[in-house]
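The values are calculated or read from the model by the stated rules, or taken from the named source; none is laboratory data. None of these values were measured; they are calculated from a predicted model. Cβ atoms come from the backbone with ideal geometry, glycine included; neighbour counts cover every protein chain shown. Accessible surface is based on the protein model in full, side chains and every heavy atom, while ligands, DNA and RNA are left aside. Shrake-Rupley method; radii C 1.70, N 1.55, O 1.52, S 1.80 Å.
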Amino acid sequence: MSERKKTHLQILLILSAIFFLILGICRNEAAVVWNKAVNICMECIGLG
């Protein structure tokens, strides 16, 4: 794969990742993930 194609592919993947991050934030998925992470941590250390 040529360097030019590789660079274009990297840019495309970065842009798609940014798009999906923004989409998840708009759908309030960050709050859902944070809530699940807190619950899992509380269970792991025995507080839940």
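Rolling a 1.4 Å probe over the heavy atoms of the protein chains gives the chain an accessible area of 97 Å² per residue.
Expressed in nm², what is the orientationally averaged projection area of the convex hull enclosing the Cα positions of the chain? Provide the component values of the computation, followed by the final result.
On the way: hull surface 19.7 nm².
Projected area, direction-averaged: 4.9 nm².
Compute the acute angle (0 to 90°) between the alpha-carbon long axis of helix 29-44 and the principal axis of greatest extent of the alpha-carbon atoms of the chain; round to the nearest 10°. With both axes taken from Cα atoms, the answer is about 50 degrees. What angle, in degrees between 0 and 90 and rounded to the nearest 10, separates the Cα long axis of helix 3-26 from the longest principal axis of the Cα atoms of the chain? Once rounded, one gets 30 degrees. On the accessible surface of the chain, probed at 1.4 Å, how many percent belong to carbon and sulfur atoms? Roughly 70 percent, rounded to a whole number.
Quick check on packing: order 18-31, 1-14 by the mean number of other C-beta atoms within 10 Å, highest mean leading. Before the final figure, lay out each step's value.
Details: 18-31: 10.7, 1-14: 9.2.
Sorting 18-31, 1-14 by mean packing, highest first, produces 18-31, 1-14.
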